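Q: Encoded as structure tokens, here's the structure I'll be asking about.
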Amino acid sequence: MHGPGQALAARLRRKPAEQDPSAGPRIGVALGGGSARGLTHIPYIEAMDELGLKPSVISGTSIGALIGAGWAAGMSGKELREHSYEVLGTMRIIASKLWATQIRGIGGILKNGISMQLDAMAIVEAFTPANFPLEFKDLKVPLYVVATDFQSWHQVVFDSGLLHPAIAGSIAIPSLFKPVVYANHILVDGGVVNPLPLDQADIGTDFLIGIDVNGDPSEGIAKTDHKALDIWFGSAQIMMHSLTAHMMAAYPPDIYIRPHVTNFGALEFWRVREIVAHGDGEKERFKRMLADKIEAYLAGKVPVIESN
């Protein structure tokens, strides 16, 4: 029995898109922000790998920018999964990396003191693979990284220059991370202005996929004993949900995915195996949906919508 999309994968292998435009549409994928919940991006990337589909453009906010950079650098979904297990697998591993990035020896304590705020640049360097590309030009797929300029209140989009500080700015959750000073900007988390950057993934593409890992209120809708941190992150979720609704109205995706991930805490990265496994449950449904939509596109049943 054939799994979803096997015929599509075989067809695309016979006719690579770069040789034959009829092989498939140019796919743009927007990877949203959601802190630890963003690890659910990985099974969807694996699904596209298994269908033989490669994005022409990737855009990412916050954790979506970090994972998207790995994907754009040429890492497969399986490699992203294995790497995340390796660097986030236990509290001890995470704590040792965070401790190393915060202290950096006795000299670091004497010079900077022990700050409760994390250094986003150090985090990017600590949790990305060795030999990770240093510049956007070294990536294999065009990548657009969204951050927020704290001074101008506008989004900043990076697609050239140094990669690490752009990602660092995109993941710099206010208060938890120190703002990132880069390219004449004071940068904080891209989710403050654009949690699901469909506008960037729509650049020069025919088929738009949005993966929204912000969660929804379903899991905790009857809960009343919220802690202060829950209120802070929950309020940010509500804000991001509203911003995403406006973005989707302006740039309606061909496929929109929103996994139910609210039962995972925003900072519970040590639950990486549970979070990724939770995304696995939606993987086959996503593959069927995507294969059907792409087949319809190839058959000419879906009109091409001009890119905005």
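Q: Can you name every residue in the stretch 51-81 that is of a type outside the set (F, W, Y), in a helix (DSSP H, G or I) and closer than 15 Å to F132 by Cβ? Give the steps one after another, and end with the answer.
A: Taking the stretch 51-81 and keeping what is of a type outside the set (F, W, Y), we get 51-70, 72-81.
After this cut, where a residue has to be in a helix (DSSP H, G or I) as well, the list is 51, 63-70, 72, 77-81.
Those that are of a type outside the set (F, W, Y), in a helix (DSSP H, G or I) and closer than 15 Å to F132 by Cβ: A65, L66, I67, G68, A69, G70, A72, E79, L80.
Q: Of all residues in the stretch 20-41, which are under 17 Å from L267 (Cα atoms) and open to solvent by less than 10 Å² (accessible area, probe 1.4 Å)? Outline the logic, then answer.
A: So in the stretch 20-41, the residues under 17 Å from L267 (Cα atoms) come out as 32-41.
Correct list: G32, G33, G34, A36, G38, L39, T40, H41.
Q: Inspect the stretch 215-234 for any residue being within 25 Å of I27 (Cα to Cα) and modelled with pLDDT under 90 and give the result as yes or no.
A: From the stretch 215-234, those within 25 Å of I27 (Cα to Cα) are 215; that's our starting set.
When the remaining residues are screened for being modelled with pLDDT under 90, the result is 215.
Yes, because at least one residue in the stretch 215-234 is within 25 Å of I27 (Cα to Cα) and modelled with pLDDT under 90.
Q: Please go through (1) assigned to a loop (DSSP other than H, G, I, E, B); (2) at negative phi; (3) surrounded by fewer than 24 Cβ atoms within 10 Å (Cβ to Cβ) for L196 and return the number of the only condition it doesn't satisfy.
A: Of everything listed in (1) assigned to a loop (DSSP other than H, G, I, E, B); (2) at negative phi; (3) surrounded by fewer than 24 Cβ atoms within 10 Å (Cβ to Cβ), L196 misses just condition (3).
Q: Restricting attention to the stretch 258-277, which residues are within 16 Å of the chain's Cα centre (by Cα) and in contact (Cβ under 8 Å) with a residue 60 or more places away in the chain?
A: Of everything in the stretch 258-277, those that are within 16 Å of the chain's Cα centre (by Cα) and in contact (Cβ under 8 Å) with a residue 60 or more places away in the chain turn out to be P259, V261, A266, L267, F269, V272, I275, V276.
Q: Counting just the residues of the stretch 149-193 that are of a type in the set (S, T, N, Q) and without any contact (Cβ under 8 Å) to a residue 60 or more places away in the chain, which one comes out surrounded by the fewest Cβ atoms within 10 Å (Cβ to Cβ)? Don't jump to the end; show me each part of the working.
A: Looking only at the stretch 149-193, we keep the residues that are of a type in the set (S, T, N, Q), and these are 151-152, 155, 160, 170, 175, 184.
So of that shortlist, the ones also without any contact (Cβ under 8 Å) to a residue 60 or more places away in the chain come out as 151-152, 155, 160, 175, 184.
Working: Q151: 11, S152: 10, Q155: 17, S160: 11, S175: 10, N184: 8.
By that ranking, first place goes to N184.
Q: Does H241 satisfy being assigned to a helix (DSSP H, G or I), open to solvent by 60 Å² or more (accessible area, probe 1.4 Å) and at pLDDT below 95? It would help to see each step written out before you state the result.
A: On the way: assigned to a helix (DSSP H, G or I): yes; open to solvent by 60 Å² or more (accessible area, probe 1.4 Å): yes; at pLDDT below 95: yes.
Yes: the conditions hold for H241.
The values are calculated or read from the model by the stated rules, or taken from the named source; none is laboratory data. Computed from a predicted model, the values in this text were never measured in an experiment. No Cβ is skipped: glycine too gets one built from the backbone with ideal geometry, and neighbour counts run over all protein chains shown. Surface areas here come from the heavy atoms of the whole protein model, side chains and all, with no ligands, DNA or RNA. Shrake-Rupley method; radii C 1.70, N 1.55, O 1.52, S 1.80 Å.
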